[in-house]
Amino acid sequence: MYVGSKGWYVSELKKLGVSYHEGRKIEKYDASTLANLLESKKN
């Protein structure tokens, strides 16, 4: 798994305890949305 790939974002978000966003599983979102979500959760 490469840093910056969709799978990497999913695993990083799950480490932070995030499995759902707006009622949908995070696996359903594209990488750019996951990147923004990860950035907002880190701050």
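Taking region 4-20 only, how many residues are within 12 Å of Leu38 (Cβ to Cβ) and either at pLDDT 95 or above or of a type in the set (A, V, I, L, M, F, W, C) (or both)?
Within region 4-20, the first condition is being within 12 Å of Leu38 (Cβ to Cβ), and the residues that meet it are 4, 6, 8-16, 18.
Keeping just the survivors that are either at pLDDT 95 or above or of a type in the set (A, V, I, L, M, F, W, C) (or both) gives 6, 8-16, 18.
Of the residues in that region, 11 qualify.
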Q: Can you run down the residue pairs with Cβ atoms below 7 Å, 6 or more apart or on separate chains, where the first is in region 1-24 and over 14 Å from Ser40 (Cα atoms) and surrounded by 15 or more Cβ atoms within 10 Å (Cβ to Cβ) and the partner is of a type in the set (A, V, I, L, M) and at pLDDT below 95?
A: Trp8/Met1
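The values are calculated or read from the model by the stated rules, or taken from the named source; none is laboratory data. All figures in this text were calculated on a predicted structure; none of them were measured in a lab. Counting neighbours? That spans all protein chains shown, and the Cβs are built from the backbone with ideal geometry, glycine included.
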